[in-house]
Amino acid sequence: MSKPKTIVICSSGSFYKHVNQIADELRQMGYKVVVPATAKKMKGHGDYDISKVKTWMNNSELFKIKHQLAMDHFNEVSKGDAILIVNDDKLGQPRYIGPNATMEWGLAYFLKKPVFILNGVSKDANTYEEVYGMSTAVLDGDLSKINL
């Protein structure tokens with residue numbers, strides 16, 4: 001029996017509640033799933049207010065926390081078998097992919113790992129070329145389309 005493939009989920013912190021729901025679905029499908037450390041903590045205490053986590057926004061000395069969170073997730077991307085970018089709508093920005101998820105995507109792409117995008121984007125989106133040119137599959141919300 002082969003060991004389960006690991007999918008590392010990448011997204012904006014605004015989507016962490018949905019990220020945890022998707023992670024549960026993927027686990028039921030037989031995958032090992034890694035979510036951002038902050039998403040895991042938020043699930044544990046049930047508070048998904050991302051503004052409470054971003055302490056560095058009020059104290060620049062705390063940017064070291066942001067740095068460490070990013071580096072830790074980069075390490076997970078490098079160890080995982082694939083990534084899934086969760087790109088929900090965010091404050092009037094359809095199918096948002098933020099800076100951290102973009103950097104993680106670039107790392108996975110460079111390491112030749114499969115990159116799955118949860119939702120497609122319109123042709124006028126600033127990420128259109130990357131979503132359709134630099135991903136393994138656009139899932140259109142259907143996790144069953146993941147093929148590892």
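Counting the residues of segment 1-35 that are under 19 Å from F74 (Cβ atoms) and either hydroxyl-bearing (S, T, Y) or in a strand (DSSP E or B) (or both) gives 11.
Any residue that is outside any strand (DSSP E or B), of a type in the set (S, T, Y) and either under 23 Å from G141 (Cα atoms) or within 12 Å of the chain's Cα centre (by Cα) (or both) - is there at least one of those in segment 84-107? Within segment 84-107, one or more residues are outside any strand (DSSP E or B), of a type in the set (S, T, Y) and either under 23 Å from G141 (Cα atoms) or within 12 Å of the chain's Cα centre (by Cα) (or both). The set of residues in segment 42-71 being surrounded by 13 or more Cβ atoms within 10 Å (Cβ to Cβ), under 30 Å from L143 (Cα atoms) and of a type outside the set (G, A, S) consists of M42, K43, Y48, I50, V53, K54, K66, L69. Residues that are under 17 Å from I22 (Cα atoms) and either among the hydrophobic types (A, V, I, L, M, F, W, C) or in contact (Cβ under 8 Å) with a residue 40 or more places away in the chain (or both) within segment 41-76 comprise just one, M42.
Of all residues in segment 92-107, those satisfying the criterion of being touching a residue at least 40 places away in the same chain (Cβ under 8 Å) and either on the phi > 0 side of the Ramachandran plot or small (G, A, S) (or both) are G98, A101. Candidates I117, I146, I83: the one that is under 22 Å from A37 (Cα atoms), surrounded by 17 or more Cβ atoms within 10 Å (Cβ to Cβ) and either in contact with a His (Cβ under 7 Å, 6 or more places away or on another chain) or touching a residue at least 60 places away in the same chain (Cβ under 8 Å) (or both) is I83. A count restricted to segment 121-143 and to residues that are in contact (Cβ under 8 Å) with a residue 24 or more places away in the chain and either of a type in the set (K, R) or surrounded by fewer than 16 Cβ atoms within 10 Å (Cβ to Cβ) (or both) stands at 2.
Rule-based calculations on the coordinates, nothing more; no lab input. The structure displayed is predicted, hence computed values, not measured ones. Ideal geometry is used to build each Cβ from the backbone, glycine not excepted, and the neighbour counts take in all protein chains shown.
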